[in-house]
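To start, the structure under review is shown below, and the notes come after it.
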Amino acid sequence: MKIRAIIVEDELRSRETLTGLLRRYCSDTVEIVAEADGYRTGLDAIRKYKPEVVFLDIQMPDGSGFKLLETLDEISFEVIFTTAYDQYAIKAIRYSALDYLLKPIVPAELKLAVDKALRKKGDGTINQHIKVLLENEREKSAPSKKIILSTAEGMHVIDIRDIIRCESDDYYTRFFMRDRKPIMVSKTLKEHEELLSEFGFLRPHKSHLVNIQYIKSYVKTEGGFLLLTDGTMVPVSRRKREKIQEEIHLISSR
């Protein structure tokens with residue numbers, strides 16, 4: 001069975017390109033039921049055709065894709081954002097664990113995004129993902145944000161300030177937080193470092209990422225390690241020692 005799709009994109013050429021790619025590479029899984037050229041026409045099309053997936057541009061002249069989602073009372077479809085490179089928007093999407101495609105769209109990435117939408121269809125989590133996205137968007141200047149961590153057991157909405165540290169486990173990452181059990185996520189530590197570095201997370205070792213607000217002290221003995229407020233000792237690699245000591249000095253001088 002095919003899923004009903006709507007494309008919301010203000011540029012005609014981009015709409016035509018995406019339509020062509022979907023018909024060529026996803027014709028057995030996707031049926032395009034409507035196209036829209038902006039925020040207002042996108043809202044009308046969604047309300048009329050009740051799609052199961054929406055390919056949504058972020059920046060449009062009459063209103064953003066984020067604004068479109070905020071206008072709807074309930075989201076009953078999967079969302080795949082389409083965007084030119086926009087570092088802020090992409091990070092916002094990644095914090096909320098939603099999917100996006102960079103223009104120009106690569107067919108293999110399009111197929112992966114469609115397959116993921118098919119797997120997630122009807123699982124009841126989309127509104128929580130959108131809620132986190134919009135909350136973070138409304139609080140751009142806030143000192144922290146929320147992040148969604150997906151595990152085999154389900155979805156967890158975490159305040160970044162509550163993350164004490166992250167530890168690599170091959171292609172997985174284990175999160176340690178205040179007042180809750182550790183969470184194992186099937187993404188690499190490097191992927192999470194890219195999201196968390198702007199919130200004061202340091203990489204003292206290839207296997208560890210640490211929230212600086214939980215660093216109690218730097219201990220030079222035994223090769224050097226960070227003592228955290230929860231009693232954890234995190235090793236510091238030789239090449240990171242100087243940088244870590246500088247960061248510790250900055251923290252203590254605040």
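Things worth noting here:
- Members of region 75-126 that are within 15 Å of LEU22 (Cα to Cα) and in a helix (DSSP H, G or I): PRO107, ALA108, GLU109, LEU110, LYS111, LEU112, ALA113, VAL114, ASP115, LYS116, ALA117, LEU118
- In the condition set (1) charged (D, E, K, R); (2) out of contact with any strand residue (DSSP E or B) (no Cβ under 6 Å at 6 or more places or on another chain); (3) surrounded by 19 or more Cβ atoms within 10 Å (Cβ to Cβ), GLU78 is compliant with all but (2).
Conditions (1) buried (at least 21 other Cβ atoms within 10 Å of the Cβ); (2) outside any helix (DSSP H, G or I); (3) in contact (Cβ under 8 Å) with a residue 60 or more places away in the chain, marked per residue:
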| position | (1), (2), (3) |
| --- | --- |
| ASP10 | no, yes, no |
| ARG24 | no, no, yes |
| ASP28 | no, yes, no |
| GLU31 | no, yes, no |
| THR41 | no, no, no |
| ALA45 | no, no, no |
| LYS48 | no, no, no |
| MET60 | yes, yes, no |
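- Residue tally, condition touching a helix residue (DSSP H, G or I) at 6+ places or on another chain (Cβ under 8 Å) and either of a type in the set (Val, Ile, Thr) or part of a loop (DSSP other than H, G, I, E, B) (or both), over region 148-160: 3
- From THR29, THR19, THR82, residue being among the hydroxyl-bearing types (Ser, Thr, Tyr) and either under 21 Å from the mean Cα position of the chain (by Cα) or modelled with pLDDT under 95 (or both): THR82
- Selection count, region 127-147, where residues are part of a strand (DSSP E or B) and either surrounded by fewer than 20 Cβ atoms within 10 Å (Cβ to Cβ) or assigned by TED's automatic domain parsing to the domain that holds LEU189 (or both): 1
The values are calculated or read from the model by the stated rules, or taken from the named source; none is laboratory data. The shown structure was predicted, so the numbers you read here are calculated from the model rather than taken from an experiment. Ideal geometry is used to build each Cβ from the backbone, glycine not excepted, and the neighbour counts take in all protein chains shown.
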